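Asker: Sharing a structure, written as structure tokens. Questions coming.
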Amino acid sequence: MHDIVLTTLNARYIHPSIGLRYLHANLHDLRHLAVIQEFVISDQLLDVAEKILAHRPKIIGLGVYIWNGKECEQLVRILKSLAPEVLLVLGGPEVSHFPHRLDFSLADHVICREGEERFHQLCCAYLTGSAGLPRIITASPPDPDNLVMPYALYTDEDVAHRVIYVEASRGCPFSCEFCLSSIDRQVRYFDLDRFLRELATLWERGARNFKFIDRTFNLSMQRVGPILDFFLQREPPFLVHFEVVPEHFPFELREKLAQFPPGTLQLEVGIQTLNADVAESIHRRLDMDKITANLRFLEEETNAHLHVDLIIGLPGESADSFGRNLNRLAGLTKGEIQLGVLKKLSGTTLNRHDAVHGMTYLPYPPYEILANDLIDFNAMQDLKRMARFWDLLYNSGNFSGSVRLLWPDQDVYAGFLRFSKWLYGATLSTLVLITEN
């Protein structure tokens, strides 16, 4: 039995929740009263509720994200129906910002923003019978030096079979309007020596698949250098994933990235748009000369697997403009090009474009764009289906030769869009099973 159950619904088994582990690690004197229970969104919610309530908890902490929001909304209703006396506390990005577009009114408390310290305070107050805290609790960003790192709470099974999420910093200095990270403009760093010791312990336990969740990993060479050296000093096999700013690759960084052997380094490069006017309108920095030079360096002089992002439906960006972005990017890299669909997340300032650009969004998760003044609903549907088929054929790497036959005239966008429309017309589905002969 445990007084506190920390739980969430992960997108897939391979993705453990670092957030739950932070909450558990920072319960301090209450840690022995708590347990982490993780599920996936495909699990039956009645089975989930049964396993949570089997602990006879006094407090349930539930992590709510865009990928599990609808399921969590239902789970909250089930839990409060079965155990109304249990204190139900919600946290996570999906409830950290208003307006809430899902119904979480049955929850006893909602902790907005980074909840490690405030969740501990709430649990202490409730378990000792102290005066109650307000239902909506807005947490101040904690000092990383005051947080207990969560990495010891990855189990041996996690280390052996799952991606190990780590972070060396929090916050982002940029102000892209579609991104929640832009809300926290101050970048806060964890003590580097302490972080490296935690990495070393994870490595000694057998961890080999690391994903850094830092929003802008390559901001400071003073901090990036020792972390890269940590991995360069170790023998493969391993895989480490970083999210990087496309404009910032100084010589010292290039020198280190070029040393990683094949299959050990993955870089997520957020481009989003190559249209300077669109980028400026959403407060995104865009230096095409640097981006072009850095992508060429990554492509030609490193073994890094690249994952480059473009967004469909940005305010002021037409389908033709998006197509030119795709054509240009496909000429710069042979890596994955993730065609994402714009989402309007509560807490961002993206809604200021709604009236000007006729932005219409799905009213429930994932809050994707449905239409705007330049791309009507039918055209947006075509682009979304194209993104799905692009992932299956182009990004999978299974058709690297044959897929390029779809655009003999080098117009990648037009050629693949024609194929996408044909494929959907033939199958009436984006879930078709495509296999290579």
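Only the coordinates and a few stated rules stand behind these numbers; no lab work does. Since the structure is predicted, the reported quantities are computational estimates derived from the model, not experimental observations. Every residue, glycine among them, receives a Cβ derived from its backbone with ideal geometry; neighbour counts consider all protein chains shown.
Asker: In the set (i) 71, 50, 44; (ii) 61, 61, 44; (iii) 59, 56, 41, which value of Cα extents along the principal axes in Å was calculated from the structure you see?
Answerer: Read-out taken from this structure: (i).
Asker: Find out how many positive minus negative residues lie around C172, taking Lys and Arg as positive, Asp and Glu as negative, among other residues whose Cβ is under 11 Å from that of C172. Could you put the intermediate results ahead of the total?
Answerer: Values: positive: R170, R185, R188, R215; negative: D184, D214, E243.
Overall, the nearby charge balance is +1.
Asker: Which is the longest run of the chain containing none of the GluC sites (Glu not before Pro) found in DSSP loop states (not H, G, I, E, B) with at most 12 other C-beta atoms within 10 Å?
Answerer: Excluding the exposed sites themselves, the longest stretch runs over 86-435.
Asker: Hey, for a label at T128 modelled as a point 7 Å past Cα toward Cβ, could you say which residues of the stretch 24-39 have their backbone N under 20 Å away?
Answerer: Under 20 Å, as judged by backbone N against the label point of T128, lie 24-34 of the stretch 24-39.
Asker: Something else: Go through the stretch 1-74 and name the trypsin sites (Lys or Arg not before Pro) that are in a DSSP coil and have 12 or fewer other Cβ atoms within 10 Å of their Cβ.
Answerer: R12
Asker: Right, next: For the stretch 131-190, state which trypsin sites (Lys or Arg not before Pro) are in a DSSP loop and have at most 15 other beta carbons lying within 10 Å of their beta carbon.
Answerer: Sites meeting the loop and neighbour criteria: R135, R185.
Asker: For E85 paired with L239, estimate the spin-label separation in nm (one decimal), with each label point 7 Å from Cα along the Cα-to-Cβ line.
Answerer: With each label point 7 Å from Cα toward Cβ, the separation is 4.8 nm.
Asker: Something else: To the nearest 20 Debye, how big is the dipole of the chain about its Cα centre, given +1 on the beta carbon of each Lys and Arg and -1 on that of each Asp and Glu?
Answerer: Around 440 debye, computed over the chain.
Asker: Name the shape class, rounded, prolate or oblate, that the alpha-carbon gyration tensor gives for the stretch 154-375, where a ≥ b ≥ c are the square roots of its eigenvalues, rounded holds for a/c under 1.5, and otherwise prolate holds if a/b is larger than b/c and oblate otherwise. Walk me through the numbers before you get to the answer.
Answerer: Numbers: a/c = 2.04, a/b = 1.62, b/c = 1.26.
Prolate, because a/c is 1.5 or more and a/b exceeds b/c.
Asker: What angle do you read, to the nearest 10 degrees and between 0 and 90, between the alpha-carbon axis of helix 192-204 and the longest principal axis of the chain?
Answerer: The angle comes out at about 90 degrees.
Asker: Here is a follow-up. Rounded, prolate or oblate for the stretch 169-268? Axes are the square roots of the Cα gyration tensor eigenvalues, ordered a ≥ b ≥ c, and the cut-off for rounded is a/c under 1.5. Display every interim value, and only then the final one.
Answerer: Working: a/c = 1.84, a/b = 1.48, b/c = 1.25.
Here the stretch 169-268 falls in the prolate category.
Asker: Then there's this: May I ask for the angle, rounded to the nearest 10°, between helix 116-127 and the longest principal axis of the chain, with both axes built from Cα atoms and the value confined to 0 to 90°?
Answerer: Taking Cα atoms only, the helix is inclined about 30 degrees.
Asker: Next up: With label points built 7 Å along Cα→Cβ from the Cα atoms of D391 and H283, find their separation and express it in nm.
Answerer: Here the modelled spin labels are 2.8 nm apart.
Asker: Rounded to the nearest 5, what % of DSSP beta bridges with both residues in the stretch 291-377 are antiparallel?
Answerer: Antiparallel bridges make up about 35 percent of those DSSP assigns within the stretch 291-377.
Asker: Moving on to the next point. Percent antiparallel among DSSP beta bridges with both residues in the chain, to the nearest 5?
Answerer: The answer is about 10 percent antiparallel.
Asker: Filter K80/K344; K70/K343; K290/K421 down to the pairs with a C-alpha to C-alpha distance above 26 Å, please. Spell out each step's value before the answer.
Answerer: Values: K80/K344 29 Å; K70/K343 16 Å; K290/K421 35 Å.
Check vs 26 Å cut-off fails for K80/K344; K290/K421.
Asker: State the answer as a single residue: which of L274, N395, F297 lies farthest towards the positive end of the charge dipole of the chain, with beta carbon charges of +1 for Lys and Arg and -1 for Asp and Glu, about the Cα centre.
Answerer: Result: N395.
Asker: Tell me the trypsin sites (Lys or Arg not before Pro) within the stretch 289-355 that lie in a loop according to DSSP and have at most 16 other beta-carbon atoms within 10 Å.
Answerer: Of the trypsin sites (Lys or Arg not before Pro), the ones in loops of the stretch 289-355 whose Cβ has at most 16 other Cβ atoms within 10 Å are K334.
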